[in-house]
Amino acid sequence: MGLDMYAYVAGRKGQQAEYWENYDGETDTSPVEKPRELAYWRKHPNLHGWMAELWMVRETGGEGDTNNFNGIELELSWHDLDNLESAVKERALPETSGFFFGNDADEHYLAQDLEFIKQAKAEVFTGLKVFYNSSW
């Protein structure tokens, strides 16, 4: 077990879950188009903490517990991606820890984070939606 994190492109919220609910495990027979993965991270706790804080501000106005942020689809806007890019470049992702999260991996994932942001902005620019999700 551990912190697995995903970013993907879809046409709408819920498309990822709907695709897998209809997938039979052998052939791609789902009537829903499969979202396209943009990035995968394994144990990048500070990036997850940044996403959890964004979710908490949106969903609760900043009140609540980021420990509840697991398996929740979070849409990322152009503005969110700009803020994330600044945080990554300035090495300002919030220090985050958890039982399954692993150690700080900001430097390890630096190039991948910046490439993800670049690709995600291109997708948002074309009108598609970019989502973050995690499992731990």
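Scan segment 45-72 for residues that are at pLDDT 90 or above and either of a type in the set (D, E, K, R) or not in a loop (DSSP other than H, G, I, E, B) (or both) and the total you get is 13. Entry remark, segment 1-24: residues being of a type in the set (G, A, S) and in contact with a Leu (Cβ under 9 Å, 6 or more places away or on another chain) number 3 in total. Number of residues in segment 16-44 that are modelled with pLDDT of 80 or more, within 16 Å of K129 (Cα to Cα) and either basic (K, R) or surrounded by fewer than 12 Cβ atoms within 10 Å (Cβ to Cβ) (or both) equals 2.
For segment 77-136, a tally of residues being among the basic types (K, R) and closer than 18 Å to G49 by Cα returns 2. Which one of these is in contact (Cβ under 8 Å) with a residue 60 or more places away in the chain and basic (K, R): K89, K121, K129, K34? None of the others qualify; the one that does is K129.
Tally time: how many residues in segment 90-115 are in a loop (DSSP other than H, G, I, E, B) and within 16 Å of the chain's Cα centre (by Cα)?
7
Kindly indicate whether V57 is free of Cβ contacts under 8 Å to residues at least 24 places away in the same chain and aliphatic (A, V, I, L, M). Taking the combined requirement at face value, the residue satisfies it. Counting only residues that are surrounded by fewer than 17 Cβ atoms within 10 Å (Cβ to Cβ) and assigned to a loop (DSSP other than H, G, I, E, B), which one in segment 1-15 is farthest from the chain's Cα centre (by Cα)? Applying the filter and picking the extreme gives M1.
The values are calculated or read from the model by the stated rules, or taken from the named source; none is laboratory data. Every value quoted in this text rests on a predicted model; they were computed, and no experiment measured them. Neighbour counts run over all protein chains shown; Cβ positions are idealised from the backbone, glycine included.
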